[in-house]
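**Student:** Sharing a structure with you now.
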Amino acid sequence: MASAAEQLASNLNFSTFAKAEDLKKRLWFTLAALLVYRLGTHIPLPGLNPEAYAQAFRGQSGGILGLFNMFSGGAVQRMAIFALGIMPYISASIIVQLMTSVVPALENLKKEGEQGRKIINQYTRYGTVILGALQAYGIAAGLESGQGLVVDPGWFFRVSTVLTLLGGTMFLMWLGEQITSRGIGNGISLIIFAGIAAGLPTALASTLELGRTGALSTFLILLVIVVAIGVIGVIVFVERAQRRLLIQYPKRQVGNRMFQGDTSHLPLKLNTSGVIPAIFASSLLLLPATVAGFASTSGMPAWATSIVAALGHGRPLYMVLYAALIAFFAFFYTAIVFNPKDTADNLKKHGGFIPGIRPGERTAEYIDYVLTRITVIGAIYLVFVCILPEILVSQTGIPLSLGGTSLLIVVSVTLDTVAQIQGHLIAQQYEGLIKKSKLRGGKRGR
């Protein structure tokens, strides 16, 4: 039998959306916030030589700078005030999550509920400031080391650059929190989504231009489009797929009344780790190419040159390591964000159990067993989704924005946003039903 939420979801239509005034306000607020973000990606950092920087960026766009430029919506290419983007906040969040599994004090805070989460979020903000300041100073020093990139090098440029870039990151962090609380949710994800989606039309136009000039054949362009559509279909299917574990609750007596036992499900996503494995693997593998690009003027040993060449984008060693790192981070991050022992303890505390499995340690072992098996499928899915487009990118020269990582982020965030909108509509319909029932009850009372 369908649940009440599923029945409400099936009844949603355009008239329901038209009556949802609060949802429309949230949508307009989200669009306005994303517009502010896009405007900020076009405000250049003061003290730079735009022409010299554009030329230097073209030489490094195939390394990690190209990846960061994709995530920042082109802000790195223009070295705008939002060039750091939201990546320091994401890095700080991941570091804090890792620490909660190894530091007992943070683990206890995580179990304290809302108050503990607020403290952990505050630690994440402090980490964002530290990481953002370090990265901003590294950018300032790197810009000064370039020939003619900075108009007036010196400490004033470094300090102003650190304050500007760090301020941009902190503003984006605040903007993401506002979208989460006053918008439709998933603020940080929507900011990344907006940056990548803004580059998709340009990437598509560049691909068509390659076809017009003869650099790409019509067959290859059609193949890229077919592969992209197929990858999107796979992402939609797998991201919505779940392995549901049946949970039963025994009969309970309240006073003189006996209540029947209830059943529910524990949903386990096939891809618990989300897009984090792809982002981490790309960043680690593109780092040597970027370092080599900056160090080319001073010369490199022959063995280092050979390693960098073997790790070039699209090379066999790059693809093998990329797939291995994605699989590793899929298991590693899943182990960080989902603790079977805590889940088993919570079930035992509320009287729930999996049929045929003893509560407590045996339940934790069973959940871990099932989670490991579906994570294998999730890791294979991530490798397939990321490797296949990367092969096309490396072999055809199409822009990085049409790669597997960008498609994975765009489709995943779109699915989450649609779910958030549907949740608001369901809540709106619930409120309408409650108001109608109260009015009917008042009329009967009269």
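Residue-by-condition table, conditions (1) hydroxyl-bearing (Ser, Thr, Tyr); (2) in contact with an Asp or Glu (Cβ under 9 Å, 6 or more places away or on another chain):
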| site | (1), (2) |
| --- | --- |
| Tyr126 | yes, no |
| Gln135 | no, no |
| Ala141 | no, no |
| Gln147 | no, no |
| Gly154 | no, yes |
| Val159 | no, no |
| Thr164 | yes, no |
| Trp174 | no, no |
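**Student:** A further question on this structure: Let me confirm something: among Leu371, Leu382, Leu311, which residue is in contact with a Pro (Cβ under 7 Å, 6 or more places away or on another chain) and either open to solvent by 60 Å² or more (accessible area, probe 1.4 Å) or at pLDDT below 75 (or both)? Break it down into steps so the answer makes sense when it comes.
**Tutor:** Values: Leu371 fails: either open to solvent by 60 Å² or more (accessible area, probe 1.4 Å) or at pLDDT below 75 (or both); Leu382 fails: either open to solvent by 60 Å² or more (accessible area, probe 1.4 Å) or at pLDDT below 75 (or both).
Testing whether each residue is in contact with a Pro (Cβ under 7 Å, 6 or more places away or on another chain) and either open to solvent by 60 Å² or more (accessible area, probe 1.4 Å) or at pLDDT below 75 (or both) leaves just Leu311.
**Student:** Residue pairs, Cβ under 8 Å, 6 or more apart or interchain, first in segment 21-48 and closer than 21 Å to Gly187 by Cβ, second modelled with pLDDT under 90 and of a type in the set (S, T, N, Q). List them.
**Tutor:** If the second residue must be modelled with pLDDT under 90 and of a type in the set (S, T, N, Q), the pairs left are Asp22/Gln428; Leu23/Gln428; Thr41/Ser72.
**Student:** Can you name every residue in segment 213-245 that is basic (Lys, Arg) and either under 19 Å from the mean Cα position of the chain (by Cα) or at pLDDT below 80 (or both)? Please lay out each step first, then the result.
**Tutor:** Going through segment 213-245, the residues basic (Lys, Arg) turn out to be 240, 243-244.
Once the filter is applied, which keeps residues that are basic (Lys, Arg) and either under 19 Å from the mean Cα position of the chain (by Cα) or at pLDDT below 80 (or both), segment 213-245 yields only Arg240.
**Student:** Here's another thing I want to ask about it. For segment 91-101, name all the residues that are of a type in the set (Val, Ile, Thr) and open to solvent by 30 Å² or more (accessible area, probe 1.4 Å).
**Tutor:** Residues of segment 91-101 of a type in the set (Val, Ile, Thr): 94-96, 100.
Ile95, the sole residue that qualifies.
**Student:** Do the conditions hold for Gln135, that is, is it among the polar types (S, T, N, Q) and not in a helix (DSSP H, G or I)?
**Tutor:** No: the conditions fail for Gln135.
**Student:** Let me ask another. Show the residue pairs meeting these rules: Cβ distance below 6 Å; 6+ apart or different chains; first residue within segment 328-357 and under 19 Å from Thr375 (Cα atoms); second residue buried (at least 18 other Cβ atoms within 10 Å of the Cβ) and aromatic (Phe, Trp, Tyr).
**Tutor:** Filtered contacts from segment 328-357: Phe329/Phe280.
**Student:** On to the next question. List, please: which pairs have Cβ atoms under 6 Å, are six or more places apart or on different chains, and start with a residue in segment 86-101 that is over 25 Å from Asp342 (Cα atoms) and end with one that is β-branched (Val, Ile, Thr) and crowded, with 20+ Cβ neighbours inside 10 Å?
**Tutor:** Ile86/Ile191; Pro88/Thr128; Pro88/Thr169; Tyr89/Thr128
The values are calculated or read from the model by the stated rules, or taken from the named source; none is laboratory data. For clarity, every value in this text was computed on a predicted model and none was experimentally measured. Note: ideal-geometry Cβ built from the backbone for every residue, glycine included; neighbour counts use all protein chains shown. The protein model used for the area step is the full one, side chains on, heavy atoms only, and it has no ligands, DNA or RNA in it. Shrake-Rupley method; radii C 1.70, N 1.55, O 1.52, S 1.80 Å.
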